[in-house]
Amino acid sequence: MRIGFVQFAPCFGEKEKNFTSVRELLKGCKADLLVLPELFATGYTFISVDEVNGFSESLEGETAAFARQLAVSTGAVIVAGFIERENGCYYNASLLADATGLLAVYRKIHLFNKEKLWFSPGNRPPQVVTVRDMKIGMMICFDWIFPETCRSLALQGAQVIAHPSNLVLPWAQQAMTTRCLENRVFAVTANRIGREQRGDDDFTFTGQSRITGCKGEVLASAPEDETCLSIIEIDPALADDKSVNPYNDLLSDRRSQFYSL
Ligand code: ACM
């Protein structure tokens, strides 16, 4: 399976321009799974709920339509961040689409910083979607710091974690080594680059998108401040073998009666 990430600097509030940037970057590209950053079409640093409302979309919105077009042109399953609106609530969400249309949506369950002012926390558990024989789980950015997110996806059989991100803290890229190692899963962390100064916030996004192997290897990585497309070949089935040695297995050795989680 050819899996990859797109790293770029979205322009705040300029959906069409951001769609064009991604389209240009992926011109002529063929893959099986492509992951775009969190909120790639809108930017990140909102200053009011009204602003979030203005950028929000239903599942029939322009970002879902764009993802479907991208799936047609690249042949890939597309995972990409967007603002989902439902019943007066706004979710920091990630969609999964192929050429037939939208297959799944994940609503970020661990909101970071002022996201708590704009978004409702995700109200559904992270789930695994099987597409083209690949079992894909989605999580979004700050979800990385809660190991339960990756673990719950691994327990459901995820082979590849698609991880759209707008990272501003310095630890996640390296931490994904541990997340992948402890769960024996692949992960595609698609981060953004650039700086956003809005209201009293000033964020510099940390780039360094990466694809992490199911034994914690860094299979691909991007610079911290350059646009980058990276696609590599993996065998997702390698994630199905959870054994460490003849006596240890990452999932069946869990002593869940002692963890109360
Ligand atoms: C983040 O969760 N966007 C830092």
Report yes if some residue within the stretch 221-230 is assigned to a helix (DSSP H, G or I) and not hydrophobic (A, V, I, L, M, F, W, C); otherwise report no.
-> no
Using beta carbons and a limit of 8 Å, which pairs, at least six apart or on different chains, have the first residue in the stretch 104-128 and within 21 Å of E57 (Cβ to Cβ) and the second one assigned to a loop (DSSP other than H, G, I, E, B) and among the basic types (K, R)?
-> Y106/R124; R107/R124; E115/K108; F119/K108; P121/K108; G122/K108
Looking only at the stretch 113-155, count how many residues are basic (K, R) and either modelled with pLDDT under 95 or over 20 Å from Y44 (Cβ atoms) (or both).
-> 4
Among residues of the stretch 184-219 being surrounded by 23 or more Cβ atoms within 10 Å (Cβ to Cβ) and basic (K, R), the residue farthest from N18 (Cα to Cα) is R210
Would you tally the residues in the stretch 160-186 being part of a loop (DSSP other than H, G, I, E, B) and either closer than 26 Å to F203 by Cα or acidic (D, E) (or both)?
-> 7
Can K27 be described as closer than 29 Å to G88 by Cβ, more than 17 Å from the chain's Cα centre (by Cα) and away from the ligand (no atom under 16 Å from the Cβ)?
-> no
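Condition check ((1) surrounded by 15 or more Cβ atoms within 10 Å (Cβ to Cβ); (2) under 22 Å from E51 (Cα atoms)) across all residues:
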| site | (1), (2) |
| --- | --- |
| Y90 | yes, yes |
| G101 | no, no |
| Y106 | yes, yes |
| R124 | no, no |
| T149 | yes, no |
| G157 | no, no |
| H163 | yes, no |
| N166 | yes, yes |
| E182 | no, no |
Identify, by number, the condition in (1) more than 27 Å from L238 (Cα to Cα); (2) in contact with a strand residue (DSSP E or B) (Cβ under 8 Å, 6 or more places away or on another chain); (3) surrounded by fewer than 24 Cβ atoms within 10 Å (Cβ to Cβ) that K30 doesn't meet.
-> (1)
Among the listed residues R68, R2, which satisfies the condition of being surrounded by fewer than 20 Cβ atoms within 10 Å (Cβ to Cβ), farther than 26 Å from F119 by Cα, in contact with an Asp or Glu (Cβ under 9 Å, 6 or more places away or on another chain) and of a type in the set (K, R)?
-> R2
When residues of the stretch 168-178 are limited to those that are β-branched (V, I, T) and surrounded by 15 or more Cβ atoms within 10 Å (Cβ to Cβ), the one nearest to the ligand (Cβ to nearest atom) = V168
Number of positions in the stretch 9-24 that are within 16 Å of the ligand (Cβ to nearest atom) and in contact with a helix residue (DSSP H, G or I) (Cβ under 7 Å, 6 or more places away or on another chain) | 1
Does T204 qualify as being more than 15 Å from the ligand (Cβ to nearest atom) and out of contact with any Leu (no Cβ under 9 Å at 6 or more places or on another chain)?
-> no
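The values are calculated or read from the model by the stated rules, or taken from the named source; none is laboratory data. Model, not experiment: these values are computed from the prediction. Note that we place each Cβ from the backbone using ideal geometry, even for glycine, and neighbour counts take in every protein chain shown.
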